[in-house]
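A quick write-up on the structure given underneath.
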């Protein structure tokens, strides 16, 4: 191998190693994300994990005397939605810098993801 070729290969290998390291660090950070939200009156606290799963719900013992079942359900859903939105935003901020240029985060991780983001456009057989 020529010295220029060897230097180029070593540089590219270093870039790949650096990118792999960044992805591993991001993956570890993704798994550690969680969000806890507390209602304004302090009666309800909800914790959501990295995939948006509810990990815990803590209710103040007095919540049953202060809120109707409909109010309790509404407050629980508001806290779950707030925590889930926070986790989603933190995941986006963590992953967006690792996305290939020109590939929007939402196209890969958004709500309306399709297989199209990962495949080339269909070939027109009649052309």
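Rule-based calculations on the coordinates, nothing more; no lab input. Remember, predicted model here, so these are calculated numbers, not experimental data. Please note: Cβ atoms are built from the backbone with ideal geometry, for glycine as well, and neighbour counts cover all protein chains shown.
Within the listed set 74, 58, 112, the residue fluctuating most in the Gaussian network model of the chain (springs between alpha-carbon atoms under 10 angstrom) is 112. Compute the helix-to-body angle for 69-95: its Cα long axis versus the longest principal axis of the chain, expressed 0 to 90° and rounded to tens. Between helix and principal axis, roughly 20 degrees.
Given R₀ = 30 Å, FRET efficiency for residue 3-residue 99 by Cβ-Cβ distance, to 0.05?
0.30
The long axis of helix 3-32 is offset from the longest Cα principal axis of the chain by roughly 10 degrees. Put simply, the Cα atoms of the chain extend 79, 46, 17 Å along their principal axes, the longest span coming first.
Using packing as a proxy for protection, rank 86-97, 35-46 so that the peptide with the highest average count of other Cβ atoms within 10 Å comes first.
Numbers: 86-97: 14.7, 35-46: 16.7.
My ranking of the peptides, most packed first, is 35-46, 86-97.
Across the range 52-97, Cα-Cα pairs farther apart than 11 Å form 72% of the total. Modelled this way, with points 7 Å down the Cα-to-C-beta line, the labels at residue 81 and residue 36 are 2.4 nm from one another.
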